[in-house]
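See below for the structure under consideration.
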Amino acid sequence: MPYGIEALNVYAGLACISVPAMFAGRGLDQDRIPNIAMSQRSVGLPFEDPVTNAVNAARPLLDRLDEQARGAVEVLITSTESGLDLSKSVASYVHEYLGLSRNCRLLEVKQACYGATCALQLAAGFLAQSATPGAKALVIATDVALVDERAGYAESATGHGASALLIGDEPTVLALDGGAYGCYSYDVLDSARPTPEFDIADGDRSLFAYLDCLAGSFADYQDRVDNADILSSFQHLALHTPFGGLVRAAHRMLLRPFGLSAPQVESDFARRVAPSLVYPALTGNLCSGSLYLALASVLENSADLDGSASQRIGLFSYGSGCSSEFFSGIIDSRSVAAVRSMGIGDQLASRRELDFAQYLDLLPHSLKALVPRQHAEVELGRWSEYLDADRSLLVHTRTKDYHRAYEWHGPLGSP
Amino acid sequence: MAAIRRSVLDIFPDLDPALVTEDRSLQELGCNSVDRVDVVAMTMEDLGVSVAASDFRGVRNIGALATLLRRHA
């Protein structure tokens, strides 16, 4: 029985800033914007954190399930490099505010931007041995940005948001190719979050490790899957997208052994890879949610999928530190319809665009989003202009004795 | 050095090959971060050598890169 993603939604915040505004504000070289191949990045608000992002991504998926299907969610895994506590998981809050069954297993995983992919594979393995017919797992990749001018160009490429994946045996969005995967991992300090207040990154080393891992994990995939080759086995490719320019370089590297001309490489990129970059170019890097935003982007933006028979997509997940996996699955026009119904593109378009001064005003709050505090109140009134009365969202309101509290804003109330 | 020069010229066909010297950095030749890893990856492929990402720490110019790659040849 095939397992995979039954439903997929992405929440990428309520605010964004254009990359040219970021570059102008920081006095960066505007000529380099085409290299990062991004137009906007999502920006977090003071009432948002990894919990609200996760819940706001997942609730629209759960609202579509009947009571029996909701009860069949036997596992909740949050994947985050934005943990709130060294012991208590983000999943424990998410479980509560999504109203999941008390009989559901909970877990938080951390493996930088690779975490959600490993969680997807573990969840599929768990479901394959579950005795419950129709059992499901919910995997949510959720993160916030902790970057300011110290991050240089990476500040403009770092996003904010969450991708929620409902996993089960009716994999409408992506049916995993069972046994078709390749992994490649080793210790390197290319980028990291050593404290809850800032990130460190060695750009060159991280890009190198990404490409090295892509080559290594695809070679492992080829060892496991007879006759697989990057040019003809996959009609689509979606790669972890820290910024579009790296994905372009990765594609160039993968095709180098085939000796194609530059226009041939470009045409292959436009057809098989470019659709994956449309949404990531509007949000910045969502960490381990990034690959699943790229998958949604392929499904909504590839002209090849409408009304077509099933097609194979190759996916590459990379997490700094580092660990990686190349895997594959099957998509078709039903996948397109399932993802399109979530309205991800409309939600990205509805974000409020900030100017650089507004961004700077929010930045001190964003940088403190993960700092443990015994007591805190979020001044919701000060930021209420960002909340739409018609949209139901979870917001962070206060912290009491280190316990974060949240409230539902909007018409729906608790699930 | 010849392999590094080939990789740089592959990415920047219009560059004067004489500018690819040991004392210059790839950055000075106009390579952005993606170009730099491209040059390194292509050169390693060309030479059939493999160097771990962490070993590039402290490589500041093309001469140092050539020395590192030679050491792994």
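So, in the stretch B:11-36, of the ones that are within 14 Å of another protein chain (Cβ to nearest Cβ) and exposed (fewer than 15 other Cβ atoms within 10 Å of the Cβ), which residue ends up nearest to A:Leu207 (Cα to Cα)?
Ranking the candidates gives B:Gln27 first.
Cβ-Cβ distance below 9 Å, separation of 6 or more or different chains: which pairs start in the stretch A:26-52 with a residue that is away from chain B (no Cβ under 14 Å) and end on one that is among the acidic types (Asp, Glu) and surrounded by fewer than 19 Cβ atoms within 10 Å (Cβ to Cβ)?
Pairs that qualify, where the first residue is away from chain B (no Cβ under 14 Å) and the partner is among the acidic types (Asp, Glu) and surrounded by fewer than 19 Cβ atoms within 10 Å (Cβ to Cβ), are A:Arg26/A:Glu149; A:Gln40/A:Glu353; A:Pro46/A:Glu379; A:Phe47/A:Glu379.
Restrict the check to the stretch A:401-411 and report whether at least one residue is of a type outside the set (Phe, Trp, Tyr) and part of a helix (DSSP H, G or I).
Checking the stretch A:401-411: not a single residue is of a type outside the set (Phe, Trp, Tyr) and part of a helix (DSSP H, G or I).
Quick check on the stretch A:219-227. Is at least one of its residues more than 14 Å from chain B (Cβ to nearest Cβ), buried (at least 23 other Cβ atoms within 10 Å of the Cβ), assigned to a helix (DSSP H, G or I) and in contact with a strand residue (DSSP E or B) (Cβ under 7 Å, 6 or more places away or on another chain)?
yes
So which residues in the stretch A:137-154 are away from chain B (no Cβ under 14 Å), outside any loop (DSSP other than H, G, I, E, B) and either touching an Asp or Glu at 6+ places or on another chain (Cβ under 7 Å) or hydrophobic (A, V, I, L, M, F, W, C) (or both)?
Listed by number, the residues that qualify are A:Ala137, A:Leu138, A:Val139, A:Ile140, A:Ala141, A:Asp143, A:Glu149.
Being part of a helix (DSSP H, G or I), crowded, with 22+ Cβ neighbours inside 10 Å and under 17 Å from the mean Cα position of the chain (by Cα) is the filter here; which residues of the stretch A:289-335 pass it?
Passing the criteria: A:Gly289, A:Ser290, A:Leu291, A:Tyr292, A:Leu293, A:Ala294, A:Leu295, A:Ala296, A:Ser297, A:Val298, A:Leu299.
Looking at A:Leu291, A:Leu354, A:Leu348, A:Leu286, which one is over 26 Å from A:Ala112 (Cβ atoms) and in contact with a Cys (Cβ under 9 Å, 6 or more places away or on another chain)?
A:Leu354 is the lone residue from the list that is over 26 Å from A:Ala112 (Cβ atoms) and in contact with a Cys (Cβ under 9 Å, 6 or more places away or on another chain).
Which of the residues belonging to the stretch A:349-362 are over 17 Å from A:Ser384 (Cα atoms) and of a type outside the set (D, E, K, R)? Walk me through it before giving the result.
Of all residues in the stretch A:349-362, those over 17 Å from A:Ser384 (Cα atoms) come to A:349, A:355-357, A:360.
Of everything in the stretch A:349-362, those that are over 17 Å from A:Ser384 (Cα atoms) and of a type outside the set (D, E, K, R) turn out to be A:Ala349, A:Phe356, A:Ala357, A:Leu360.
Every residue, every condition in (1) under 11 Å from A:Phe47 (Cα atoms); (2) under 22 Å from the mean Cα position of the chain (by Cα), yes or no:
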{"site": "A:Arg351", "(1), (2)": "no, yes"}
{"site": "A:Phe356", "(1), (2)": "no, no"}
{"site": "A:Leu360", "(1), (2)": "no, no"}
{"site": "A:Leu367", "(1), (2)": "no, yes"}
{"site": "A:Ala389", "(1), (2)": "no, no"}
{"site": "A:Leu394", "(1), (2)": "yes, yes"}
{"site": "A:Pro415", "(1), (2)": "no, no"}
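Tell me whether the stretch A:57-77 contains one or more residues that are in contact (Cβ under 8 Å) with a residue 24 or more places away in the chain, in a helix (DSSP H, G or I) and β-branched (Val, Ile, Thr).
no
State whether the residues of the stretch A:262-272 include one that is surrounded by 18 or more Cβ atoms within 10 Å (Cβ to Cβ) and hydrophobic (A, V, I, L, M, F, W, C). Talk me through it step by step, then tell me what you get.
Start the filter on the stretch A:262-272 by keeping residues that are surrounded by 18 or more Cβ atoms within 10 Å (Cβ to Cβ), which leaves A:268, A:272.
Now narrow it down to the ones that are hydrophobic (A, V, I, L, M, F, W, C): none.
So far as the stretch A:262-272 goes, no, none of its residues is surrounded by 18 or more Cβ atoms within 10 Å (Cβ to Cβ) and hydrophobic (A, V, I, L, M, F, W, C).
None of the figures in this text is laboratory data; all of them are computed from the coordinates on show. Keep in mind that this is a model prediction, so the values were computed, not measured. Neighbour counts are summed over all protein chains in view; Cβ atoms, including those assigned to glycine, are modelled from backbone coordinates with ideal geometry.
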